[in-house]
Amino acid sequence: TKMIPAEFDSVRFFPFNSNYTAVYNNGKVGIYLAIWSYDDRDTMHTVPCVYEDYKRYTADGVPKLAMKKDGKWGWVNWLTGKPMSEFNYETTDDLPYPHYKQRLY
């Protein structure tokens, strides 16, 4: 079974039943939906490999994702790849609470 295409430099698998996996190209990180949470037709590269770092969170029982771009942190919807905040925050401690709706499917 192909879990992630061989188009990435490296992969960092998360624990079983995680919704997504970090994938890397040229030292930048992106997100690929995990096959164990989605079926074959729904697994895809949702967040492009343009970020420097990431940190996983859980807010209101839902997984959320902070990513670093150009040295600043912001929130990203891991299902769609859409930025959910400005990338204005020096550290993850500076991030505002992620009040946006993060869908799982």
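The values are calculated or read from the model by the stated rules, or taken from the named source; none is laboratory data. Given the structure is predicted, the values throughout are model-derived calculations rather than measurements. Cβ placement follows ideal geometry from the backbone for every residue including glycine, while neighbour counts extend to all protein chains displayed. SASA here: full protein model, heavy atoms, side chains in, ligands and nucleic acids out. Shrake-Rupley method; radii C 1.70, N 1.55, O 1.52, S 1.80 Å.
Out of residues 5 or more away from N77 or on other chains, whose amide H comes under 5 Å of its own, with H placed 1.01 Å from N in the peptide plane?
Under 5 Å from the amide H of N77: K82, M84.
Kirkwood hydrodynamic radius, region 40-94, all distinct C-alpha pairs: what's the number in Å?
After inverting the mean inverse Cα-Cα distance, the result is 11.7 Å.
Round to the nearest 10 and report in Å² the accessible area of R56, as given by a 1.4 Å probe over the protein chains' heavy atoms.
100
Taking all protein chains as present, what is the carbon and sulfur share of the accessible area of the chain, in % to the nearest whole number, probe 1.4 Å?
The value for the chain is 48 percent carbon and sulfur by accessible area.
Taking H placed 1.01 Å from N in the peptide plane, check which residues at least 5 places from A59 or on another chain put their amide H under 5 Å from its amide H.
Those lying under 5 Å, H to H, from A59 are K64.
For every other residue with a beta carbon closer than 14 angstrom to the beta carbon of C49, add +1 if it is Lys or Arg and -1 if Asp or Glu, then tell me the sum.
My count for the surroundings of C49 gives 0.
Treating cross-link reach as a plain straight distance, find the lysines whose alpha-carbon is under 24 Å from the alpha-carbon of K82, omitting any fewer than eight places away in the same chain.
K28, K55, K64, K68, K69, K72, K101
Search the structure for amide H atoms under 5 Å from the amide H of A34, placed 1.01 Å from N in the peptide plane, and list their residues when 5 or more places away or on another chain.
Y20, T21
Probe of 1.4 angstrom, ligands and nucleic acids ignored: what's the accessible area per residue over the chain, in square angstrom?
58
In whole Hz and in residue order, list the ³J(HN,Hα) couplings for region 81-97 that follow from phi through the Karplus curve 6.51 cos²θ - 1.76 cosθ + 1.60, θ = phi - 60°; x for Gly and Pro.
Karplus-based 3J(HN,Hα) across region 81-97 equals x, 6, x, 10, 7, 6, 9, 10, 9, 5, 9, 5, 5, 7, 4, x, 4 Hz.
Would the chain count as rounded, prolate or oblate if I go by the C-alpha gyration tensor, calling it rounded below 1.5 in a/c and otherwise prolate when a/b exceeds b/c, oblate otherwise?
Oblate.
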